[in-house]
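Before any comments, here is the structure.
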Amino acid sequence: MGDIPNLKRPWIRKALLYDKLGEGKVKCNTCERRCVISPSKLGFCKTRQNIDGELYTLQYGLSSGISANPMEKKPFYHFWPGSYALTVGSWSCNSSCPWCQNFHISKFSPDPARSEYIAPEKFVELVEKYRCQSTSISFNEPTLSLEWSLDVFKLARGKGFCNTFVTNGYMTLEALRRLRDAGLDAINIDVKGGAEAVRKYCGLDVEVVWRNVRESKKLGMHVEVVNLVISSVNDREEQLRELAKRHLREAGEEIPLHFTAYYPAYKFNAPPTPVRTLERAHDIAVSEGLEFVYIGNVPGHPYENTYCPGCGRMLIERFGLEFVKAALEDNKCQSCGCEASIVGKIRKAGRAI
């Protein structure tokens, strides 16, 4: 049983999405775990608590870290290339991935003593102060900061900034639609492999994730998809090919797919992903008809660049997490005029607005 927090604290707010059940229980409708929570108890993610038959978030505006990041770090390769997003994380996660790179925040409950409270108005002021063009809710699972994100996105859009989300894609449709309505412009979704691997290691249903990839595109948001490739988990040829085919069906040939390298972390000790495995994943996806396939976490690799699907010319050069240069005119290839499906202008001047 969780301790009852002081409801006067600014980071304790009533949750938006829940149903009241009998016997004082509530059902959280923020993510597709849809936890049924008894009085005084916490949900799976430990960020939401039933207090006297009402559901509360325990981390509205609690920041575990904040930094101005290149858009390419998200990774967003086709959304305002070269721009910067003021990025913030909170605490915990609704997934049980044993290889989490950010386990120091994602595997811990909200902790006001280790956090900074940032009101939505203050955060948007910081976006402008640090000359960023976008917000980004990231580092841990951003869906758990739903209420705060909605308030931030409305204010940021009113100031002319873009809003982005880097997520495991396990929010409910109602949460996703509320995010879009509040001003979410771009979403990066990590599918984590096929159904068996995602269920075994992450405790999630990958069908929900693909549903939200599909729905995000329908809602008009910019979408990019990531798959962390891990030896013995999701690196077999048939797994990679099925993922590419599923991406083609649900997202489409023009939506970027990123295959990223895994490194041992938290409770998982598989060896780092061989570069040749990532290259094989790239080639399989291209052979299935995907136009923009990338390799991540391998700085300097040619497959972190964007190439024209029409003539093969390099359109955007990157190195690691940084934009280097572009050969585009009105987001079209200068050689053959092929559309590059880039959202926004190239920010050649970095963070300068």
Only unsatisfied item for Phe44, checking (1) farther than 30 Å from Asp330 by Cβ; (2) assigned by TED's automatic domain parsing to the domain that holds Glu147; (3) outside any helix (DSSP H, G or I), is (2)
Residue that is surrounded by fewer than 16 Cβ atoms within 10 Å (Cβ to Cβ) and not assigned by TED's automatic domain parsing to the domain that holds Ile189, where the choices are Gly312, Gly344: Gly312
Give all pairs with beta carbons closer than 7 Å in which a residue from region 317-333 that is touching a residue at least 40 places away in the same chain (Cβ under 8 Å) meets a residue that is small (Gly, Ala, Ser) and not in a strand (DSSP E or B); count only pairs at least 6 apart in sequence or on separate chains. Phe323/Gly82
From the set of residues in region 12-34 that are touching a strand residue (DSSP E or B) at 6+ places or on another chain (Cβ under 9 Å) and acidic (Asp, Glu), which is farthest from Asp205 (Cα to Cα)? Asp19
Residue in region 19-41 that is surrounded by the fewest Cβ atoms within 10 Å (Cβ to Cβ), counting only those that are under 23 Å from the mean Cα position of the chain (by Cα) and not in a loop (DSSP other than H, G, I, E, B): Cys28
Do any strands (runs of 3 or more DSSP E) lying entirely in region 285-353 carry at least 2 residues that are more than 30 Å from Arg246 (Cβ to Cβ), and which ones are they? 322-326
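Collect the residues in region 245-274 that are more than 19 Å from Ile187 (Cβ to Cβ) and either surrounded by 19 or more Cβ atoms within 10 Å (Cβ to Cβ) or not assigned by TED's automatic domain parsing to the domain that holds Leu290 (or both), keeping them in residue-number order.
Tyr262, Thr273
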Selection count, region 275-309, where residues are loosely packed, with under 15 Cβ neighbours inside 10 Å and either more than 17 Å from Lys73 (Cβ to Cβ) or in contact with a Leu (Cβ under 6 Å, 6 or more places away or on another chain) (or both): 6
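Of Ser109, Ser136, Ser96, Ser92, which residue is assigned by TED's automatic domain parsing to the domain that holds Asn163 and either closer than 21 Å to Ile342 by Cα or among the basic types (Lys, Arg) (or both)?
Values: Ser109 fails: either closer than 21 Å to Ile342 by Cα or among the basic types (Lys, Arg) (or both); Ser96 fails: either closer than 21 Å to Ile342 by Cα or among the basic types (Lys, Arg) (or both); Ser92 fails: either closer than 21 Å to Ile342 by Cα or among the basic types (Lys, Arg) (or both).
Every option except Ser136 fails the conditions.
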Can you tell me which of (1) in contact with a Phe, Trp or Tyr (Cβ under 7 Å, 6 or more places away or on another chain); (2) over 17 Å from Ile189 (Cα atoms); (3) buried (at least 24 other Cβ atoms within 10 Å of the Cβ) is the one Asn94 doesn't meet? (2)
Could you tell me which numbered condition Glu196 fails, if it satisfies all but one of (1) under 30 Å from Ile295 (Cβ atoms); (2) of a type outside the set (S, T, N, Q); (3) buried (at least 19 other Cβ atoms within 10 Å of the Cβ)? (3)
Do the conditions hold for Asn69, that is, is it closer than 25 Å to Met221 by Cβ, in a loop (DSSP other than H, G, I, E, B) and in contact with a Cys (Cβ under 9 Å, 6 or more places away or on another chain)? no
Take Ala68 and decide whether it is under 19 Å from Asn102 (Cα atoms), crowded, with 19+ Cβ neighbours inside 10 Å and assigned by TED's automatic domain parsing to the domain that holds Ala186. no
Which ones in region 274-309 are under 15 Å from Glu238 (Cα atoms) and of a type in the set (Val, Ile, Thr)? Thr277, Ile284, Val286
Starting from region 215-233, keep only residues that are surrounded by 21 or more Cβ atoms within 10 Å (Cβ to Cβ), then list their pairs with residues that are modelled with pLDDT under 95 and not in a loop (DSSP other than H, G, I, E, B) whose Cβ atoms are within a distance under 7 Å, requiring at least 6 positions of separation or different chains. His222/Val343
Exactly one condition in (1) of a type in the set (Ser, Thr, Tyr); (2) crowded, with 16+ Cβ neighbours inside 10 Å; (3) not assigned by TED's automatic domain parsing to the domain that holds Phe161 is not met by Ser335; state its number. (2)
Matching residues in region 121-142 - criterion: being assigned to a helix (DSSP H, G or I) and closer than 17 Å to Leu58 by Cβ: Pro142
In region 47-62, the residues that are surrounded by 20 or more Cβ atoms within 10 Å (Cβ to Cβ), assigned to a strand (DSSP E or B) and of a type outside the set (A, V, I, L, M): Arg48, Gln49, Asn50, Tyr56, Thr57
Residue ID - surrounded by the most Cβ atoms within 10 Å (Cβ to Cβ), chosen from residues in region 110-122 that are in contact (Cβ under 8 Å) with a residue 40 or more places away in the chain and farther than 19 Å from Ser92 by Cβ: Pro120
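The values are calculated or read from the model by the stated rules, or taken from the named source; none is laboratory data. These numbers were taken from a predicted model, which means no experiment stands behind them. Positions of Cβ are generated from backbone atoms using ideal geometry, with glycine treated the same way; all protein chains shown enter the neighbour counts.
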